[in-house]
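Notes follow once the structure below has been shown.
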Amino acid sequence: MNEQIKRNYFYKVAVLFGLSVVLLLLFGPSFGVIFAVFLIVFELVIMMFRYFYILTQRRLYKVLYNVLSVSLGAFLAMFLVVALFISSEYHADEGVGVEIDYVIILGAGLKGTEPSDTLKRRLDIGFDDLRNRDMNIPVILSGGKGPGEHTTEAEAMVAYLRGRGIKQDRLIIESHSRTTEENLAFSKSLMNRKDGQVLNILIITSDYHVFRAKQLAKETGYIIYGKASESPILVRINYTIRECFGVIQTFLKSMMDTS
């Protein structure tokens, strides 16, 4: 009996270990793959305690197995709920027919001085939207300079939109932000808003990013709308996983700030 248990255990370990290696080889050490590998390792630890309990019948191993199993289940349930909230904004196309006061397009990385594919998708969606709106609506292009970038994201975004015919006088540069939170805070500081005035703001960003961006932008005096650019499926999955942690962190921070 013990030999059969050992064989089954080591077979499962080999399969899960092999799955981790295949994921790393196929997709590299992306955020989503690292997360998947972490879950696999966690499951291996749970299996190990179950295996030890079956062999020794020691209560400690059973307690550890049960605690870790419940913890993993609770974490995955919470993670799934957050992912569902994020995915609810994948096809966001809000603000149609609304008088928008400011449009914000969020930065997303450069290749030297050229917008990345993700950023181009955001800019193309922004361009299509701007063509259908009042030509006087100001557009804030938000993004600083990151590692490996030869200019700020905001300046590259200006060049891209000007190249497609958007007039310079509509474009406002916000080139100091490094995070989504800074994107939105610094962008708001560039808006002309009178006391008591409510501004309608349209945020344009990637599908996986709309939910958190809207949550961070919520503030008295602003009505927030979101518009999503479509991402390739693997990019969407990878960054949705990362966004789940961002949303959880934002929620915990807001809870601490209000306590």
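Filtering the range 221-241 to residues that are open to solvent by 40 Å² or more (accessible area, probe 1.4 Å) and closer than 29 Å to N200 by Cβ leaves I223, Y225, E230, Y239. Checking the range 1-16 against the condition returns no match, with no residue being among the acidic types (D, E), within 30 Å of R236 (Cβ to Cβ) and either in contact (Cβ under 8 Å) with a residue 24 or more places away in the chain or assigned to a helix (DSSP H, G or I) (or both).
Restricting the range 18-34 to residues that are touching a helix residue (DSSP H, G or I) at 6+ places or on another chain (Cβ under 8 Å) and surrounded by fewer than 16 Cβ atoms within 10 Å (Cβ to Cβ), the residue that is modelled with the lowest pLDDT is F27. Just checking, does the range 56-71 include any residue being among the hydroxyl-bearing types (S, T, Y), open to solvent by less than 80 Å² (accessible area, probe 1.4 Å) and not in a helix (DSSP H, G or I)? Looking through the range 56-71, none of the residues is among the hydroxyl-bearing types (S, T, Y), open to solvent by less than 80 Å² (accessible area, probe 1.4 Å) and not in a helix (DSSP H, G or I). Of A154, A108, A83, all but one fail to be under 30 Å from L39 (Cβ atoms), among the hydrophobic types (A, V, I, L, M, F, W, C) and either open to solvent by less than 10 Å² (accessible area, probe 1.4 Å) or part of a loop (DSSP other than H, G, I, E, B) (or both); the exception is A108.
Among the numbered conditions (1) touching a residue at least 40 places away in the same chain (Cβ under 8 Å); (2) in a helix (DSSP H, G or I), the only one that I140 does not meet is (2). Entry remark, the range 86-105: residues being open to solvent by 60 Å² or more (accessible area, probe 1.4 Å), under 15 Å from the mean Cα position of the chain (by Cα) and among the acidic types (D, E) number 0 in total.
For the range 106-133, filtered to residues that are within 15 Å of I201 (Cβ to Cβ) and among the charged types (D, E, K, R), the residue that is nearest to the chain's Cα centre (by Cα) is D129. When I172 is tested against (1) in contact with a Ser or Thr (Cβ under 9 Å, 6 or more places away or on another chain); (2) surrounded by 20 or more Cβ atoms within 10 Å (Cβ to Cβ); (3) not in a helix (DSSP H, G or I), only condition (2) is not met.
The values are calculated or read from the model by the stated rules, or taken from the named source; none is laboratory data. Since we're looking at a predicted model, the values are computed, not measured. FYI the Cβ positions are ideal-geometry reconstructions off the backbone, even for glycines, and counts take in every protein chain you see. These area figures cover heavy atoms from the full protein model, side chains too; ligands, DNA and RNA do not enter into them. Shrake-Rupley method; radii C 1.70, N 1.55, O 1.52, S 1.80 Å.
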